[in-house]
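**Q** Got a structure for you, written out below as structure tokens; questions coming shortly.
The values are calculated or read from the model by the stated rules, or taken from the named source; none is laboratory data. Here the structure is a predicted model, which is why all the values come from computation and not from measurement. Here the Cβ positions follow ideal geometry from the backbone for every residue, glycine too, while neighbour counts run over all protein chains shown.
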Amino acid sequence: MTTPPPVRRSSGYLARVIQPLILLAVMWLVRLLDAVLPGSWNHVYGIQSWAFDGLDGVVLSPGLHTGWPHLIANTVPFVILGVLVALDGIGRFWVVTAVVAVIGGLGTWVFNPPGTVTVGASGLVFGYFGYLLVRAFVARSLGHGILYALIALGVAVLYGGSMLAGIFGAGDGISWQAHLFGAIGGGAAAIATRPRRE
């Protein structure tokens, strides 16, 4: 009886890393189509606060951006933080993404002024940030907790100042609500998907 060759762990990690890149590729494709086709998808598919027909934006708005500078600004932190989340597993990455989108989107829908349209992946960026910070406290062992604490510390050093500014010092036209509730969604996702303690 022959046994199948062992699966290389490196291929497993590659599959994980690809997940946020797939989502990012969709965002870039959507931005390209929105730029070349007539009209704007932002008002149709963005989160329109307090409007029930704007609730579809909870799911769709992270893929939309106001322009190329907006998308470019979100790309680097999205890739870095998304890859760190995806290293936990493919399924976990998509669950975290879904939880962040729903909690962040609903919080934005409720707490933004009525009629405000919100788009962009920054809610996901803040959600991944919140997930990584809380993940350090709900790791399955002390060793994993220390590892995630170091990752969270590195992320905080790189992005902590801009993350806090994105919530407490957001300028005009920037939705601090999406940032805050995205981060809350990330923390909730870390707790909801926490592994059993050893």
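**Q** Only residues that are assigned to a helix (DSSP H, G or I) and in contact with a strand residue (DSSP E or B) (Cβ under 9 Å, 6 or more places away or on another chain): list them for region 51-73, please.
**A** Scanning region 51-73 gives GLY54, GLY57, VAL58, LEU60, SER61.
**Q** Under 7 Å between Cβ atoms, which residue pairs at least 6 apart in sequence (or on different chains) link something in region 88-115 that is at pLDDT below 95 and of a type in the set (Phe, Trp, Tyr) with a partner that is crowded, with 23+ Cβ neighbours inside 10 Å and in a helix (DSSP H, G or I)?
**A** PHE111/GLN177
**Q** In region 66-78, is there at least one residue being within 20 Å of PHE181 (Cα to Cα) and in contact with a Pro (Cβ under 8 Å, 6 or more places away or on another chain)?
**A** Yes, that holds for at least one residue.
**Q** Next up: Would you tally the residues in region 120-148 being of a type in the set (A, V, I, L, M) and either modelled with pLDDT under 75 or exposed (fewer than 14 other Cβ atoms within 10 Å of the Cβ) (or both)?
**A** Final tally of qualifying residues: 2.
**Q** Residues of region 151-198 being of a type in the set (Phe, Trp, Tyr) and modelled with pLDDT of 90 or more, which ones? Break it down into steps so the answer makes sense when it comes.
**A** The initial filter retains those residues of region 151-198 that are of a type in the set (Phe, Trp, Tyr), namely 159, 168, 176, 181.
Within region 151-198, just PHE181 meets the criteria.
**Q** Given the options TRP68, TRP50, TRP28, TRP94, name the one that is at positive phi and out of contact with any Ser or Thr (no Cβ under 6 Å at 6 or more places or on another chain).
**A** After ruling out the rest, the residue left standing is TRP50.
**Q** Same structure, new question: Which members of region 107-119 meet the condition of being surrounded by fewer than 24 Cβ atoms within 10 Å (Cβ to Cβ) and in contact with a Leu (Cβ under 8 Å, 6 or more places away or on another chain)?
**A** GLY107
**Q** Another question, if that's okay. Run ILE47 past the list (1) crowded, with 19+ Cβ neighbours inside 10 Å; (2) without any contact (Cβ under 8 Å) to a residue 60 or more places away in the chain; (3) not small (Gly, Ala, Ser) and report the number of the one that doesn't hold.
**A** (2)
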